[in-house]
Every structure is written in C-alpha cells, then in structure tokens.
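Read the structure below first, then the notes.
Derivation of every value follows stated rules applied to the coordinates shown; laboratory data play no part. Just so you know, these numbers come straight off a predicted model, no measurement behind them. When we count neighbours, we look across all protein chains shown, and the Cβ atoms used for this are built from the backbone with ideal geometry, even at glycine.
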Amino acid sequence: MIKKIVSIVIAIFATSALLVGLEDLPKWADPKQPASIHVSPGYIEKSLEETGVPNIVTAVLADYRGYDTMFETAVIFTAGIAVIMLLRRSKNGKKA
Amino acid sequence: MVKRHEDVIIQTVCRCLIPYMQIYSLYVLVHGHGSPGGGFQGGCIFAASFVLLAIVYDLREAKRRFSEKTNGVFCALGVFIYTAIGWLCLLLGGNFLDYGKLSKIFPTDPVMARYYGMAGIETGVQITVMAIMVSIFLNLATKGKHEEVLEE
Amino acid sequence: MIEQFPALIVVTPLIMSFILFVVSYWNERLCFPILLATLSACVVFALGILDMVIKHGQPIHYYLGGWDPPWGIEYVIDHLNALVLVTVAIVAWLVALYSKSVVEKELHESKLPQFYTLFLLQVTGLFGITATGDMFNLYVLLEIASFSAYAIIAMGERGADFAAFRYVVFGTIGACAYLLGVGYLYILTGSLNMADLTQLIPKLFYNKALLVGFALFLIGVGIKMGIFPLHTWLPDAYTLAPSAVSALLAPLFTKVGAYVIIRIMFTVFDPSFSIKLYPVMDILGWIAAVGIAFACIMALAQSDLKRMLCYLIVAEMGYIVIGIASANRLGLTGAILHIVNDMFMMACLFTVAGAIMYQTGARNIYQFRYLHRTMPVTLGVFVVGALSVVGVPPMCGFFSKWYLILGTIEAKKWLLLFVLLASSLVNAILFFRVIENAYLEPRGEHAFAHDGGHPSISLDGVPWSMLIPMLMIAAGIILLGIFSGVIIKHVIQFAVPASF
Amino acid sequence: MLEYIIAKYNYWIYIFLLMIGFYAMMAKNNLMKKLVGMNIFQWAIIFYFVSIGAKKGGTVPIISGVHGHHGAEHLVVHAVDYINPLPHVLMLTAIVVGLATTGIALALLIVIYRRYGTLEEDEILEELKK
C-alpha cells in the first residue's frame, strides 16, 4: 500500500514537472516550430535529387541516418542472441 | 501453441496463404523506396509466415524448413550484409556507409548508387529481422526447449 | 587509413561479433581468439586516435556516410573522448583476457559463443557512446550496451535473473528519460547534432522546456551510471552477475555514463547554463555528498566482498559528481582523471574478487582467513587496488583525489571537502577489514592446522590467463599514478572546457 | 486556459500515458504488469515524437510521381507541403528498441517463472531470502 502511495506522489510530482515545460513548447502541428524549419527542410527538398528515393523517410532512415539504422539492426541482433542465451536449453536436457 | 492440431480446413488455407505472405513481404521490401515499407516491415511479415507454419502444423514442420542452424546464420548474415556494404564503401575510398562510392564498381552514377546501396541494406535488415523474429518466437513459445515440447 | 580510425574502432567489434557468432557453429574454440584479436585491434585504433588528437590539437570530425553534420551523423573526437576510448579499450582487452577461465567455469559450455558475441556488442556500444557526436545515435548505442548487459548479468547465480529484470525496468526508465530529453531538445531547436546544439541552445536559455529536458538527461544518464538516489538496481545486478561480467561492466559502463554527463553538461549545454543560470551544481553537490555518505555506510554493513565493491562504485560515482559540481578547472580535471583511474581501480578489485571466488568459492570476507598463504599474488594485487581507492600516493587514486580536493577548496565548498576526506577514511577502514581478515592470523589459532603444512603454491592456483591481466591492471594503476602529470599536461588540460 | 489545452493536447496525452506507464512500473506487484507498464511508457514517448513531426497543411513525406532521380530536375519540392520525416525515422528505431526490450524482458520472465514458480514480486523476494 505504501508503495502505491509513494508511486502516486512521485507520478504527480513528475507530471507537474513535465507540465512546467509545457508552457514553452510549440503548439501542435505548428508549421513554424523549430523542428520543422531547422534541419528537416533540407531532407525534404534535397533527398530526391541527392539519393533518388521518393520516400523521404526511407532516404533519411537508410542514407542520411543510415548509421543509426545499422545499430538498430544490431539491437535486434543483440536481443535475439540474448533471448537464445537466456532460454535455449541444450539437447541433453541439462540446465544451461 | 506449437503442438500439432489436425484440421484440414486451416491447414489448407495456410498452405495457400503462406507463399503469398512471403511474396507480399518481398513486395513491401522492394517498394520501401516509393511507398511505406522497407526491411523491418517486410521482415516481420516474412517471419509471420513461419510463425503461422509453426502454429498451424507444428514446430517440427517449421524447423524442417528453417533449421536452427540456418536461422542462426541468417541472424548474423543480414546485419553482416549491412555492415559489409559500409566496409565496401570504406574500402572504395569513401567514409563508412558512403554509398555514393559504390558507383566505382557498379555501372551507375553516384546518386543511383545511393539508391541501390539503400536497397542492399534494406535486404540485409529484412533477413536479420526475419530470422530473429522466428528465433524469438520459437524460444519464447517453447521456453527454449524446441522439439522437447512436442514429446511432453 | 588513419583518418578512418574513428569509424573503425566502433565498426570492427560490431562486424566481428557477427562473424564470431557464425564461426561458433563450426568451431567453438575459435571464439576466444577472435574476441582477443578484435579487442587488440581496437586498442591499436584507440591509441592511433589519441595520437592523432594530440598531434592535431583539435577535435577530429568524421562524417558517417559522407553527409555534412546537421543532416548526417558525425563523430567528434576531442581529447576527452580519445582518453576515455583508450582506457575503455585497454581495460576491455585485459578483462577479455581474464574472462576466459572464469567464464568457462561459471557458464555452461553451450553459452560461451553467445557470451563472447555479447561481450563484443557491449564493447561496441561503449566505444560508440564515447565517440559519437549525435544525441540520438548515443541513445541507440546506449541501448546496445544495456541489452547485452541485461543478458549477461542474468546468467549469474541465484537471484541474478530477478536482478536483471529490475535492471531492465530501471534501465528502460533511464533510456526513455534520455530519449525524452532528446525529444525536448529536438522540438526546441530542430537539431540532433551536439556541435549544432551547442550553437543553438544559448538562445533558449530561459526556456522552461529546456530545463525540463536537461533534468530528463540527468535522470536518464544518472540511472545508467548509478548516481545515488537512482542506483538501486546496481548492487544486486553487479553482485550476482558472473565474475567476468561484473569485472567488465562495473569499471566500464558506469564510467562511460559519467563521461556522457560531462559531455552533456559542458559541451551540449553551455557550462554557464548549469553554473550561473540554475543552481544545478549545488544540487549535484548535495546529491553527491548524501550519496557518498549513504554508500560508505552501506559498504561498511556488507560482509560480501562483491556487494561491498558495488556500493563502493556508487561512492566513486559520487566523487566524479563532486568534481563536476566544483565547477572549476581543478575539479573537472580531477573528475576526468578519476574516470580513467576508477576504470582501472574497479577492474582491479572486481577481477580479484572473481579470482578469489574462482579459486576458493569464498565471497564473504570472513572466509578469507589464511588466504595470503594460498593466494599471495592475488592479494598483492588487491592491496594495490585498495591502497589506490583509499588514496595512497604512488597509486593513481591519490592524484585524482588530490585534484578533487583542490577543486572543492577553490570552489569553497567545504561540505564536499569534508565528505571527500571522511569517505577516504571510511575506505581505509573498509579495506583494512578485508586485509586484516586475509593477512592477519586470529589470535590463538594455528595457521598450519588448516592447510595441512603445505607450502604456499606460487601460482595461487589461478591460471596464468587470469593472473597476468590482474598483474597488468595493478601495474597500470601504479603507472597511471606515476604518469598522471603527463596525462594531465598532454590530454586532460585540453579536455576541460576553455571557459573554465 | 482551454486554448492552452486544445492547442497543445498532444503533450497532455503523452504526459498522461507516460504517467500511467510509470505508475504501473513502480507500483504493480506482478512483473508482467510491470512489463505492460514499461511498454505503455515507451509508447507514450513514441507518441510524443510522432506528434512533433505533424505540420498543418502537410502530407505524408513521399514525393509522388517520380522514381529515381531522372526527371526530378524540374520537380520543385516545398518543405511546407510535407510533414517532418525525421521524427518518424527516429521512432522507427525506437519502436525496434522497444520490441527488443520486450523480447528480453519476456525471456527473463520465463526464466524467473521457471526458477521460482511465480511472477509476484513479493513472493520472489520471499523465495530469494531462503
């Protein structure tokens, strides 16, 4: 019970802390918010002529930020190895 | 979950469905350049076909077609393809993952070399995602025992 | 070729981990040589990078994929990164050498290839975190390092799986808080590149959302590095993990987290943000002081050597935070030097704890009686590490503590000074307790009654493959102490932000 | 005030979801429920990121009618017409990371259940004390 009360108190505290920042965040879908005018126009306007891929998300995913995607695939690989390591038991039934 | 339940209707439907799922996953992969899609989505659909096979038939049938060793090799192969393309660019004199340099060995201009480089890495992603998804499913569903579950 | 080193140091262990995993299907005995060869190559790359940085005298920029920074991902290596990279590479190499015999004893034979694969992925993640100049790339690499840590910790003794699950929950909160911080920076500036953010953030200094983002970064990285109130996952996870794993993770992962904190506070955010604008440094100082006091008391209460060392990590992280919180050149020099020293010190102590468990199965310090007869070399290494943690001059721990103390004096933070000195005393008591148990014979008992009159074995009964890395780490501690002046003169003084 | 809520409703939703997940992770006794909370927590952040990408008057970031860069020379692309692709890219990565976390956590839960026969946290702690 005490754990629940403490969790609620922490959650309320965290909520209010996050709400403090709400004031200075841009409005939803504002075309003039910094996220939409600083780097992303470069992707939208240049990706077709620089990479030849009409799907901008693919172009950014696989080329501009392809290095992230490589590690993302490595994350999947890590998870797969981890699951095999944790669960797979060898054939003779011995606990491994 | 991965034990055999004989049901003619379900088995027949799945036998028809699975090849189309696999072809559809390849469609999602190659159309990732022009529409929503790509390696992850395609890989998941491909893995779903194996999961369906394991559920509808049984684990042994699925493993007969896609053995554990092949699966392990495929896990590493896909992400190896991705990294190897990066290394290839590096060896051709560019920075790591600079697909434009692939035009030195493929008969295209640098822009289209980027296009095909991306196709190559998406293929790698598809292979890894497919193999890992199958592997995670089989291990979670059988608690890591694989065939021994069928004998219980 | 040398200009490709920043990418090579991360990519080589990555690609070798796939090759290692596939090769293990055919020949399991090749795994360990591949691991060792890869890490040796990484040491070479790291030294090459450090050499290059010292020669150029300014950061090296490496554009991945050939795209210019705000659009593509960039690696920026300055003096700070290069130093951490070299230390991580060397310690990882030594621990890898050490791990072979321990892992073969503690893990099932069929798990070894997976363990070595995850070892390489872990090292990849640590190198990547250190080298990257992109906020989101750092998140992905942090997750690679965390995932491999979750899995290899869970392979430990009874209770390790539950500790690993708690680590998963805490680690996810940490990673998500970090990611949310990246989201706040992105929505306010539109950029993910650290160098670009350095330019953009001063315009937003009075933005409240920026402060929320900063707090989220501190919480996120704080969980990963185990700062005091967020450390609760750490003792269980590192105590119950296999010895080789705690010897790998305890020195490296937490310190790389400390590096990330320094990077975020002083490179991404302008130093004046956390010094002049908000009382961040005071808060951090208080947290560090309370954390060190708590960790020292908890460490005194433990009789399990590994668990005691885990609480010691929490205290050592407090030292680094004290260095940051003094907010002057001396303090930060001490903090950076302490990151390097602490990697060696913790590697030393955890490898010794692993070796004692390997040989005698003892983990409780009251079971260490007469250990100096059977394992004199191991205990010698332990004494070197212990003296270094306490802060005795020829060892490296003294010099970083010296700078930390000077930093607190210059900042006139007397409370922090007191905490530093008092905790050194407590450390002395802590280690004296262990050494007393191991070296001094209790009154009224005859030592030879137990080991049957056998003369002590010169090899400690521990294989050479474990003994040599331990001796090398001990030698490293002494050498780092002797050459700390050189390191500060050639590397660390350039790593401290110029505005200090 | 109403304006404040309506114009920024995406943040309210994400904070609400985040706190549901956070509470579940902190307070729930069952490890499976903790895992569910962890997923909600991650998805709240993904929701937040995707909402950054939105742009009034923008459409999906796929340039229609061309394939390959030939013929792209005369095509003028205006950034205001397409929504911001970068958050979507980042979230593709974060989704995969979330999936990997779930996979590892489920595997750990199976190991824990196999060893202690329960998923209730207090019972496991009780078992561990023995």
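Structure values in brief
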quantity	calculated
Relative intensity, log₁₀ I(q)/I(0), of chain C from a Debye sum that treats every alpha carbon as a point, q = 0.08, 0.09, 0.13, 0.14 Å⁻¹	-0.46, -0.58, -1.25, -1.47
Semi-axis lengths, Å, the stretch C:219-312, gyration tensor of Cα atoms, sqrt of 5 times eigenvalues	28, 16, 8
Order of C:Val462, B:Val30 under a 10 Å beta carbon neighbour criterion, fewest first	B:Val30, C:Val462
Net charge contributed by nearby residues that have their C-beta within less than 13 Å of C:Val140 (K/R +1, D/E -1)	-3
Alpha-carbon Rg with Dmax, taken over the stretch C:315-500, Å	18.8, 65
CD proxy at 222 nm, helix term only [per DSSP H run n ≥ 4: -39500 (n - 2.57); per residue of the protein assembly as shown; nearest 500]	-24000 deg cm²/dmol
Which listed pairs, of B:Lys69/C:Lys224; C:Lys100/D:Lys33; A:Lys4/D:Lys130; D:Lys28/D:Lys56; C:Lys255/C:Lys412, have C-alpha distances above 30 Å, in listed order	B:Lys69/C:Lys224; C:Lys100/D:Lys33; D:Lys28/D:Lys56
Compactness index (Cα Rg / 2.2 N^0.38 Å), chain B	1.25
In Hz, Karplus ³J(HN,Hα) per residue of the stretch B:116-130 (6.51, -1.76, 1.60; θ = phi - 60°; x = Gly, Pro)	6, x, 5, 4, x, 6, 5, 4, x, 4, 4, 4, 5, 4, 4
Column: log10 I(q)/I(0), Debye, Cα scatterers of the stretch B:37-83, q = 0.19 Å⁻¹	-0.69
Cα gyration tensor shape of the stretch C:1-100, rounded if a/c is under 1.5, else prolate or oblate by comparing a/b with b/c	oblate
Mean Kyte hydropathy of -1.0 or more with a Cα span along the axis of at least 27 Å, helices from DSSP in chain C	C:5-26, C:31-56, C:79-106, C:112-131, C:135-154, C:160-189, C:243-263, C:280-301, C:305-326, C:329-360, C:414-439
Vicinal HN-Hα couplings computed from phi for the stretch C:198-204 (Karplus, 6.51 cos²θ - 1.76 cosθ + 1.60; Hz; Gly/Pro x)	4, 6, 7, 5, x, 5, 10
Under-5 Å amide H pairs with D:Tyr82, H placed in peptide plane, nonlocal only	D:Thr59
Average Cα contact separation per residue, the stretch B:8-151, under 8 Å, 6 or more apart, as relative contact order %	27
DSSP H segments from chain D that extend 15 Å or more along their own axis, Cα-based, with Kyte-Doolittle mean of -0.5 or above	D:9-27, D:31-53, D:86-116
Net charge of Cβ neighbours under 13 Å - reference B:Ile18; Lys, Arg +1; Asp, Glu -1	+1
Helix runs (DSSP H) in chain A reaching 24 Å along axis by Cα, Kyte-Doolittle at least 0.0	A:2-22, A:66-87
Cα pair distances in chain D, grouped into 5 Å bins until the bin that holds the longest one, percent each	2, 9, 13, 14, 13, 11, 10, 8, 7, 5, 4, 2, 1, 1, 0, 0
Rounded to 10°, Cα long-axis angle of helix B:8-30 versus longest principal axis of chain B	10
For the stretch C:278-369: rounded, prolate or oblate by the Cα gyration tensor [a/c cutoff 1.5]	oblate
The stretch A:2-87, Cα convex hull volume normalised per residue, Å³	168
Mean separation of Cα contacts under 8 Å (6+ apart) over length of the stretch B:93-147, as relative contact order %	20
Spacing of the two label points (7 Å from each Cα toward its C-beta) at D:Tyr113 and D:Thr59, in nm	4.8
In the stretch C:210-313, trypsin sites (Lys or Arg not before Pro) in a DSSP loop with at most 13 other beta-carbon atoms within 10 Å	none
Angle in degrees between helix B:39-56 and the longest Cα principal axis of chain B, rounded to the nearest 10	20
Where the Cα pairs of the protein assembly as shown fall when distances are cut into 20 Å bins, in %	15, 48, 32, 5, 0
Summed residue charge, Cβ within 10 Å of D:Leu119's Cβ, Lys/Arg positive, Asp/Glu negative	-1
Under 5 Å, built H, 5+ apart or other chain: amide partners of C:Glu157	none
Rough spin-label spacing in nm, given labels placed 7 Å along Cα→Cβ, for A:Lys32 and B:Leu91	5.3
